[in-house]
Amino acid sequence: MSARADLLLWAQRVLGQKKPRPHQLLEIREDATVEQATQAFHKIARSAHPDLHRTMDPEDLELVTRAYSRVAAAYQDFRSGARDRPESQRPAGAAPSSAQMSSKALVYYRKAELALKRGELQVGLLQLKMAIAADPQSVFLREALARVEDELKNA
Amino acid sequence: MAVALGIDLGTTNSVAAIATPTGVEFILGPRGERVHPSVVAFPQSGGVVVGSDAKRYRLTEPSHVIHSAKRFIGQNIRAPLVQLAITGVRYKIVEGPNQQPIVEVRDRRMTMPEISSHVLQHLKRCAERQLGSEILEAVITVPANFTDGQRQATKEAGRLAGLDVMRLINEPTAAALAYGFGRDRQQLIAVFDFGGGTFDVSVLRLNGEIFEVIASDGDFFLGGDDLDRALAEVLAAECHRILRVDPRPHAALMVKLMMGAEAIKCHLSEYDAAEGEIEGLDMPDGSSGRLPFAITRHQFEDLIAGYVQRTVDVTRQVLTAANLSPSQISDVLCVGGSTRIPVVRRRLAEVFGREPNNRINPDEVVSQGAAIQAGSLTDTLSEGTGMAARDAVATPGHSPLSLGNARLPTGDVKRPVLLDVNPATLSIQTVSGFTQRLLDKNAPIPIERTHVFTTARDNQTRVEIDCCRGEQRKYVDNEPLGTLVLDNLPPRPRGELKIEVSFRVDANGILHVSAADQVSGVRQEAHLQVLGAPEKHEDA
């Protein structure tokens, strides 16, 4: 029964986190490889996949299902954040992420994000360029810029 | 002991099975057949006839025999491909409420889930006769690329047949499960599923008891039916040329040519040429005609080259989406009757640089996987249930389960965990007419994401959000899914209300939407009626 209690504690922990980063939900390091993320996700699935707990109290099962579904989204985010980039560009195998840029660049990046969410591609492009000016080393920013440029071409 | 049925509900044929301690046991039809045609007839004499018996009415009463219902189930009747498919059947389909396709036979109007429920009921009855116990639960397989509406409608068909559909699983995933269950493998495999009406490719990673789909794609309007039709068109032209009668307006004549085409296709999978006559053609003048034909395998391959090329293209796309090269795939499973066609296997071998696995039965492997998943969900699996033990087919009365006291050992086998994926990107329309992606194609399911919406005008009490499925940037280029309505909002200045909408795709691949006002935490009504789908029954 304690495995079940542990599972519920885990679910509450997952759902209780405010704006968690993907690696936090997967319980891996931020610079982990995709392979490590996959193994972490499989480990969670082996104990927490809702199919394995059909006899659970329905309310508890709902909790576990929601927690698992959040972690699935985190796994997808981690994978898509890391997979697009070639290994060689990563400093020591780390996936580039928004956390590694300078704080000044981050301000511009957040503005760019907002503009892009509104569909204002040109504004987003400009903000991204400002961010790159503030942090020319960031692979993450250069790739974000490339994606926006692609979208502008297609639009 | 509760027994749950695993059902492969196919476009042309269906197969049902259960997991027993000695292996997977198939459900046999009234004539001992394992494969049950997915055909429902409403003959002149009254009643409903299903399965192999229903096929007999195809010639005498073509407009009262419903086949290929899977092509229409849960579809929006206004979709161009659906309109095209309607021209290929001899029974009448009209538009019903919520743009659902409705079958009209004599004075009866039936939804597609109702038609499919007759097939499921038939399988349920056969299983109950064979096992001597009532069956209330089932796992049903669907094509991996089936949309939300098609999945909801399939679940509805199960409900109408008196079955609690514990889970819908994707056909290629089911095949992978039957292949890998109990073998504790670490490998990457591809499943190529080319059936009667649908086509899917999935790439999976097997990691012990984990079956993770990495990427999947397909076409639910590509199958053996299309190949038959291509050949039937050639026969129709021949009929016009030789017998001076254009058979296309004559339903019975075309059905006969389609049946001839199917037989020729199967013959050409074994032999290099087919030559003979199609006899008993009921000509419009009342006479009986015979049409000679001679076609080589090579000619047939040319005829279907476009369809085969499409399957190859999709296969390459899936490998790209999975970020894998063909050489990393260590086994290729062929599923579905159309993979018996030599040119299909040849092209597949070219793509992967290896011969596809030929030790699995393309007609039965999907139902085997469904049976294993059904056993897993009811926690009645035991070691010998996989493919490794081969299929133990018991005759009715000798089934280990029909003895009543047979207890399945539990707990000594690791239950498989299926990690399947979202079949298509779910997006919403932005003000500028573009899409904003909410849930990506090939994301693992079950999955949940939340998105915050706000009001655009002061005192706005209703927000409507258009949802679509597809990979295109412009909203109009995608398939419309329906409109999400947030209703009865408290009147507030614009932008002040923050409505958090959660989009959840469950393990069946079905979308659920719920909303809450972020400030007050009050649950808001959120309703998304998927076009073409039956009304939602909130029992799951």
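For the reader, a short list of remarks on this structure follows.
- Mean Cβ neighbour count within 10 Å, used as a protection proxy, ranking B:420-428, B:275-283, A:21-29 highest first: B:420-428, A:21-29, B:275-283
- Taking a ≥ b ≥ c as the square roots of the eigenvalues of the Cα gyration tensor, the range A:11-58 is oblate, since a/c reaches 1.5 or more and a/b is not larger than b/c.
- A simple rule links phi to the HN-Hα coupling: the Karplus curve 6.51 cos²θ - 1.76 cosθ + 1.60 with θ = phi - 60°, which for the range B:461-468 gives 10, 9, 10, 10, 10, 7, 10, 9 Hz, with x for Gly and Pro.
- Derived scalar couplings ³J(HN,Hα) [the range A:7-15; Karplus, 6.51 cos²θ - 1.76 cosθ + 1.60; whole Hz; x for Gly, Pro]: 4, 5, 4, 4, 4, 5, 5, 4, 6
- Sequence-distant contacts, meaning Cα pairs under 8 Å at least 6 residues apart, place the relative contact order of the range B:209-309 at 24 percent.
- Between chain B and chain A, the total buried accessible area stands at approximately 2700 Å², from heavy atoms with a 1.4 Å probe.
- Rounded to the nearest 500, the 222 nm mean residue ellipticity of chain B from helices alone is -8500 deg cm²/dmol, with -39,500 (n - 2.57) taken per DSSP H run of at least 4 residues.
- Taking every DSSP bridge with both residues inside the range B:130-288, close to 75 percent are antiparallel.
- Orientation-averaged projected area, Cα convex hull of the protein assembly as shown (nm²): 33.1
- C-alpha long axis of helix B:148-160 to longest principal axis of chain B, angle in °: 70
- Within the accessible area of chain B (1.4 Å probe), percent carbon and sulfur: 48
- Under-5 Å amide H pairs with B:Ala273, H placed in peptide plane, nonlocal only: B:Arg297
- Gyration tensor verdict on chain A (Cα atoms; rounded if a/c is under 1.5, prolate if a/b is larger than b/c, oblate otherwise): prolate
- Rounded to 10°, Cα long-axis angle of helix B:305-321 versus longest principal axis of chain B: 30
- Computed about the Cα centre, the dipole magnitude for the range B:22-123 is approximately 220 debye when only Lys and Arg (+1) and Asp and Glu (-1) carry charge, each at its Cβ.
- Of the trypsin sites (Lys or Arg not before Pro) in the range B:19-56, those whose Cβ has at most 14 other Cβ within 10 Å and which sit in DSSP loop: B:Arg31, B:Arg56
- Positive contributions from Lys and Arg (+1) and negative ones from Asp and Glu (-1), summed over other residues with Cβ under 10 Å from the Cβ of B:His67, come out at +4.
- Ordering of B:5-17, A:117-129 by packing [mean C-beta count within 10 Å, highest first]: B:5-17, A:117-129
- Basic side chains Lys and Arg get +1 at the Cβ, acidic Asp and Glu get -1 at the Cβ, and with that the dipole of the range B:179-254 about its Cα centre reaches some 240 debye.
- Between amide H atoms placed 1.01 Å from N, distances below 5 Å from B:Ile210 occur with B:Val417, all of them 5 or more places distant or on a separate chain.
- Ignoring lysines fewer than eight residues from A:Lys19 along the same chain, the ones with Cα atoms less than 17 angstrom from its Cα are B:Lys498.
- Note on B:Lys474: lysines with a C-alpha under 21 Å away, same-chain residues under 8 apart excluded, are A:Lys117, A:Lys153, B:Lys441.
- Shape of the range B:426-478, Cα gyration tensor, a/c cut at 1.5: oblate
- Partners for B:Lys92 among lysines (Cα-Cα distance below 29 Å; same-chain residues under 8 apart left out): B:Lys55, B:Lys70, B:Lys124, B:Lys155, B:Lys256, B:Lys265, B:Lys536
- Antiparallel bridges, percent of DSSP beta bridges restricted to the protein assembly as shown (to nearest 5): 80
- Placing +1 on the Cβ of every Lys and Arg and -1 on the Cβ of every Asp and Glu, with nothing else charged, gives the protein assembly as shown a dipole about its Cα centre of roughly 1220 debye.
- Between helix B:171-180 and chain B: long-axis angle, C-alpha atoms, 0 to 90°, nearest 10: 80
- Descending by average beta-carbon neighbour count within 10 Å, the peptides B:67-75, B:458-466, B:220-228, B:436-444 line up as B:67-75, B:220-228, B:436-444, B:458-466, the highest first.
The values are calculated or read from the model by the stated rules, or taken from the named source; none is laboratory data. Remember, it's a predicted structure, so these values are computed and weren't measured experimentally. When we count neighbours, we look across all protein chains shown, and the Cβ atoms used for this are built from the backbone with ideal geometry, even at glycine. What goes into the accessible areas is simple: the full protein's heavy atoms, side chains included, and nothing from ligands, DNA or RNA. Shrake-Rupley method; radii C 1.70, N 1.55, O 1.52, S 1.80 Å.
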